[in-house]
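So the structure is just underneath, and the comments pick up after that.
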Amino acid sequence: MSLILAGNWKLNKSPKEAEAFAKEFLQKTSQSLQSQTLIFPSAISFVSVSEAFESSSIGFGFQNIATQDSGAYTGENSAAMSKELGATHVLIGHSERRKLYAETNKDVNEKIQLALKNYLVPVICIGETLEERQKNITNDVLKRQLKEGLEGIQFTSAPIIAYEPVWAIGTGEVATPEQANSAHECIKSYLPELISSEIANKIKVLYGGSVKPANAKELGAQKNIDGFLVGGASLKVESFLGIGEHCV
Ligand code: PGA
């Protein structure tokens with residue numbers, strides 16, 4: 001079964017750079033894409049990149065949304081606004097948002113509800129820090145993030161979960177296939193305790209954290225890994241497509 005390939009550009013690529021990426025990407029992929037591909041550009045580059053990719057099957061999303069629909073919240077973008085621009089997905093609770101912007105599981109919960117209300121597929125990011133892994137509490141951390149993040153939400157369609165160990169993000173240090181697979185297994189077996197098993201069984205769990213063409217094959221071969229959320233290696237067409245080769 002093909003894997004989902006998602007690129008998180010973070011605070012990179014101006015509108016012009018994003019457009020150049022799209023042109024190069026389309027030149028290098030003559031055939032239609034075999035795997036589901038998603039790109040999360042900066043909000044400012046969203047229109048230029050989604051327009052440049054218009055005739056392709058790629059989906060686009062914002063990297064974050066506000067916890068409110070509208071109002072006096074300087075600097076924020078709402079789920080409804082992102083939907084209006086053509087977003088299909090949205091990243092929620094990325095570890096950089098949690099760490100640098102003090103985002104809590106409660107914020108994550110509110111953002112998921114707003115995403116669903118606006119027919120966006122939430123890509124819910126969870127993961128443990130190095131200290132938590134060393135204390136052997138990885139599974140407890142993941143379960144708490146899921147419990148508080150999903151609490152009380154009635155899903156009528158499946159969200160996506162991204163497991164991203166914080167210690168592997170942007171560090172070059174990747175989780176071993178066994179570590180990633182075991183975390184994904186924990187997530188998948190816990191989800192039916194939180195939401196209907198019908199929806200839970202449809203949830204895809206992506207791995208993120210220093211994914212590169214060189215490690216994607218082995219990671220992608222793991223039973224419980226359904227795709228990748230890629231940061232650094234999604235910024236160059238060659239490496240993004242190099243990972244994509246292992247997603248078909
Ligand atoms: P990385 O980032 O691939 O650069 O480690 C992944 C992410 O933060 O989504």
Amide H proximity to Lys204 below 5 Å, modelled H, separation 5+ or other chain, gives Ile161
Hydrodynamic radius by Kirkwood for the chain, inverse mean 1/r across distinct Cα pairs, in Å, is 18.0 Å
Length gained, Thr156-Glu185, 0.36 nm per residue minus C-alpha separation, equals 8.2 nm
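Would you compute, from DSSP H runs of 4+ residues alone, the mean residue ellipticity of the chain at 222 nm, taking -39500 (n - 2.57) per run and dividing by the full residue count, rounded to the nearest 500?
Computed ellipticity for the chain at 222 nm equals -11500 deg cm²/dmol.
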A chain fully extended from Glu218 to Ser70 at 0.36 nm per residue, minus the present Cα-Cα distance, gains in nm 48.9 nm
Violations at 28 Å Cα threshold for listed pairs Lys117/Lys212; Lys10/Lys212; Lys28/Lys223; Lys13/Lys83; Lys16/Lys83; Lys23/Lys223 -> Lys117/Lys212; Lys28/Lys223; Lys23/Lys223
Karplus ³J(HN,Hα) for region 159-168 (6.51 cos²θ - 1.76 cosθ + 1.60, θ = phi - 60°; Hz, whole; x = Gly/Pro) runs x, 10, 10, 10, 8, 10, x, 4, 5, 9
Once phi for every residue in region 61-76 is put through the Karplus expression 6.51 cos²θ - 1.76 cosθ + 1.60 (θ = phi - 60°), the whole-Hz ³J(HN,Hα) values, with Gly and Pro written as x, are x, 7, 8, 5, 9, 6, 8, 10, 6, 6, x, 7, 10, 3, x, 8
With a Förster distance of 41 angstrom and the Cβ-Cβ distance between Thr176 and Leu100, calculated FRET efficiency to the nearest 0.05 equals 0.90
Diffing region 139-149: the Karplus 3J(HN,Hα) column from phi (6.51, -1.76, 1.60, θ = phi - 60°), in whole Hz with x for Gly and Pro, holds 5, 5, 5, 4, 5, 5, 4, 5, 4, 6, x
Cβ-Cβ cut-off under 15 Å around Gly208, Lys and Arg +1, Asp and Glu -1: the net charge is +1
Listed by chain and number, the aspartates and glutamates with an alpha carbon less than 18 angstrom from that of Lys106, same-chain partners under 8 positions apart left out, are Asp69, Glu76, Glu96, Glu128, Asp140, Glu148, Glu151
extent check for region 38-168: Cα max minus min per principal axis, descending, whole Å, gives 47, 31, 29
Amide H neighbours of Val230 at under 5 Å, excluding residues fewer than 5 places away on the same chain, with H built from the backbone geometry, are Ala6, Gly7, Asn8
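Every number in this text was worked out from the coordinates using simple rules, so none of it is lab data. Treat the numbers as computed from the prediction; the structure is a model and nothing was measured. In this analysis, Cβ positions are derived from the backbone assuming ideal geometry, glycine residues included, and neighbour counts consider all displayed protein chains.
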